[in-house]
Amino acid sequence: MATPNVSYSGGGLIRHGSVPGAEFIGGVLTPNKYARISDPGQIDPTMTIPFDIVFDSTDDGTTTQTIIASVPFTFKVVDVAVQATANSGGGTVMLMNGTNAITDAIICAVDTTVTRAGTIDKTYAVVATGAALKIVKNAAADVGLVTVKVIPAVV
């Protein structure tokens with residue numbers, strides 16, 4: 001069975017792996033499913049393979065944006081990439097675990113350019129249940145798709 005195409009238009013896209021027969025049923029993302037959902041709290045904590053959280057950062061006039069206000073289970077950030085969707089001289093995005101930086105400032109300055117995190121702080125890469133996952137931008141106009149690859153973590 002072919003894996004379905006997944007797309008997004010704002011909000012959060014959560015997906016993982018290339019799993020044959022992937023589907024979305026009953027409002028909960030589980031290890032064999034792909035979905036576009038607006039509530040990341042609907043992630044199944046029994047997932048054991050990496051999955052992506054994709055956040056469409058827009059210019060809402062602020063430099064701090066919340067991806068997930070209260071994460072539903074503990075996970076570990078293993079990679080972050082940012083695709084700029086506009087030109088913004090000096091643009092950067094930093095992934096945060098509450099008020100602590102998980103990554104360095106990732107360049108988000110040239111439309112269509114993808115840049116990865118140069119560093120991931122192992123101390124803050126584990127995001128505990130109930131913590132907030134956020135981004136901090138150099139300027140409100142620093143916009144793009146922020147892809148956060150995570151794995152469920154037991155601490």
Matching residues in region 78-100 - criterion: being of a type outside the set (S, T, N, Q) and free of Cβ contacts under 8 Å to residues at least 24 places away in the same chain: 89
What is the one condition in (1) in a strand (DSSP E or B); (2) at pLDDT 90 or above that residue 56 does not satisfy? (2)
Within region 120-139, does at least one residue satisfy the condition of being buried (at least 19 other Cβ atoms within 10 Å of the Cβ), at negative phi and of a type in the set (D, E, K, R)? yes
Please tell me if residue 144 is among the small types (Gly, Ala, Ser), closer than 21 Å to residue 87 by Cα and modelled with pLDDT of 95 or more. no
Pairing a residue in region 57-74 that is within 16 Å of residue 146 (Cα to Cα) and of a type in the set (S, T, N, Q) with any residue that is buried (at least 17 other Cβ atoms within 10 Å of the Cβ) and at pLDDT below 90, where Cβ atoms lie under 7 Å and the two sit 6 or more apart in sequence or on different chains, gives 65/57
Return yes when residue 125 is more than 12 Å from residue 81 (Cα to Cα) and hydrophobic (A, V, I, L, M, F, W, C) and no when it is not. yes
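The values are calculated or read from the model by the stated rules, or taken from the named source; none is laboratory data. For clarity, every value in this text was computed on a predicted model and none was experimentally measured. FYI the Cβ positions are ideal-geometry reconstructions off the backbone, even for glycines, and counts take in every protein chain you see.
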